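Inspection log for the structure reproduced underneath, given as structure tokens.
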Amino acid sequence: MENSAQSRSASLIDHLVRLSGLRKRDDLLGGITLALIETLLARKVALFALVHDENKRFWFPLTQAVPGAKVRFVSDPMRAELDMMDPIDSDPERLQCLDRVEIVTTTPTADRPVFVGRFPVTLAEGATLWGVAEIESQTALSDADTQAATQLLAMYGNMLDMLDYSECDALTGLWNRKPFDDLFYKTLKPAEPLESVDSDVAPDGIEHRANPSPSNFWLAMVDIDHFKLVNDTYGHLIGDEVLILVARLLKTSFRAYDRVYRFGGEEFLVVLRSGDHDAAVAAVERFRTNMAAYEFPQAGRITASVGVTEIVTGDSPAAACERADQAVYYAKHHGRNQVCSEADLVRRGLLKVDLKVGDIELF
């Protein structure tokens with residue numbers, strides 16, 4: 001018994017040290033799942049993230065692990081569909097765990113003949129609800145196992161907080177430029193079946209699976225119209241308020257799986273997934289309409305000019321941003337408060353593209 005406790009303690013320390021050295025979100029997610037299944041006397045471990053979309057909340061399955069097998073990434077956030085997510089009220093015990101921020105354990109039933117311990121995962125010292133870790137076991141978790149799981153999940157939350165601090169814009173809470181390149185190159189990779197990940201890329205014992213999807217990815221560059229005039233007229237505090245509210249409009253106008261970045265000043269980027277060109281432009285137009293109709297405190301009505309381009313095979317962040325920027329430039333010089341598609345401008349002969357991706361010039 002004493003040897004078992006010592007072994008569990010050594011495993012806990014080893015995994016805490018390993019988690020503290022990880023600097024990528026995928027690695028951390030795999031690492032915490034692996035740590036839980038290897039440290040606890042568990043039958044199965046699964047992690048679920050809380051996802052917000054259009055004022056609704058969903059459970060997004062992320063990882064699963066069983067003893068002696070590799071950790072499985074159940075779904076790819078880049079290619080997830082809402083219909084693969086369960087509504088938040090579909091699991092009352094899991095919801096209770098998160099809403100009350102407490103461990104919720106259920107005893108075996110005919111449908112699920114195991115003990116299930118649900119542990120809340122929070123960020124920012126409990127201010128942000130991230131998700132739930134579910135741990136199945138043949139017997140109720142011991143106090144030592146419960147404490148170990150709590151410590152591991154606290155470390156995971158702390159590491160995510162550190163990443164948020166370095167990768168999120170302090171003013172708006174959006175992603176900043178730092179994680180953009182990594183996300184951009186993920187859009188270029190086709191959805192693939194389950195495959196192993198080398199140990200020098202991610203923790204040992206982790207497998208990744210992407211969800212097949214016919215959708216393509218698009219880049220939208222958003223530039224607030226006459227923002228300098230807002231600062232000059234109302235001051236920088238009101239200008240900052242405008243940026244915060246524009247960020248909020250961006251987050252509520254796009255879907256949960258789209259990524260929104262503040263790229264500096266009054267410029268924002270959105271990486272969105274869409275089945276075709278027209279649907280992508282329509283999604284961006286929805287944001288532009290929402291913003292044009294919004295009454296900003298003090299500053300009143302403010303609009304934005306937006307450029308949209310498809311992320312294509314062989315693309316680079318600089319090339320795609322250049323194409324989107326040229327579309328924004330055209331919008332700015334032809335009335336503002338509009339969405340301009342780089343592909344549409346090229347088709348109409350208003351932009352010229354040479355053979356290099358992103359090397360375009362205005363007629």
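The values are calculated or read from the model by the stated rules, or taken from the named source; none is laboratory data. The model shown is predicted, which means the values in this text are computed figures rather than measured ones. Using ideal geometry, Cβ is built from the backbone for each residue, glycine included, and neighbour counts are taken over all protein chains shown. Areas reflect the complete protein model, heavy atoms only, side chains present, ligands, DNA and RNA absent. Shrake-Rupley method; radii C 1.70, N 1.55, O 1.52, S 1.80 Å.
Points to keep in mind about this one:
- Number of the exception - Arg23 against (1) modelled with pLDDT under 95; (2) outside any helix (DSSP H, G or I); (3) crowded, with 18+ Cβ neighbours inside 10 Å: (3)
- Pairing residues of segment 89-115 that are farther than 16 Å from Ala149 by Cα with residues that are part of a helix (DSSP H, G or I), at Cβ distances under 6 Å and at least 6 apart in sequence or on separate chains, gives Leu95/Ile88; Thr106/Glu93.
- When residues of segment 85-105 are limited to those that are closer than 16 Å to Pro61 by Cα and in a strand (DSSP E or B), the one most open to solvent (accessible area, probe 1.4 Å): Asp86
- Scope segment 106-153; condition assigned to a helix (DSSP H, G or I) and either within 12 Å of Leu41 (Cβ to Cβ) or open to solvent by 50 Å² or more (accessible area, probe 1.4 Å) (or both); matching residues: Asp143, Ala144, Asp145, Thr146, Gln147, Ala148, Ala149, Thr150, Gln151
- For segment 48-62, the set of residues classified as of a type in the set (D, E, K, R) and either at positive phi or open to solvent by 20 Å² or more (accessible area, probe 1.4 Å) (or both) consists of Glu54, Lys56, Arg57, listed by residue number.
- Test: residue in segment 289-312 that is in contact with a strand residue (DSSP E or B) (Cβ under 9 Å, 6 or more places away or on another chain), in contact (Cβ under 8 Å) with a residue 24 or more places away in the chain, part of a helix (DSSP H, G or I) and crowded, with 16+ Cβ neighbours inside 10 Å: yes
- Test: residue in segment 238-253 that is open to solvent by 30 Å² or more (accessible area, probe 1.4 Å), of a type in the set (A, V, I, L, M) and within 15 Å of Val328 (Cβ to Cβ): no
- Selection status of Phe263, open to solvent by 10 Å² or more (accessible area, probe 1.4 Å) and among the aromatic types (Phe, Trp, Tyr): yes
- Of residues in segment 313-337 being outside any helix (DSSP H, G or I) and among the hydroxyl-bearing types (Ser, Thr, Tyr), the one surrounded by the most Cβ atoms within 10 Å (Cβ to Cβ): Ser316
- Among the residues making up segment 103-136, those that are in contact with a Pro (Cβ under 7 Å, 6 or more places away or on another chain) and more than 21 Å from Met159 (Cβ to Cβ) are Val114, Phe115.
- The residue that is least open to solvent (accessible area, probe 1.4 Å), counting only those in segment 210-237 that are small (Gly, Ala, Ser) and at pLDDT 95 or above, is Ala220.
- Members of segment 63-79 that are assigned to a strand (DSSP E or B) and open to solvent by 60 Å² or more (accessible area, probe 1.4 Å): Arg72
- Qualifying residue in segment 27-47 (condition: surrounded by fewer than 19 Cβ atoms within 10 Å (Cβ to Cβ) and assigned to a strand (DSSP E or B)): yes
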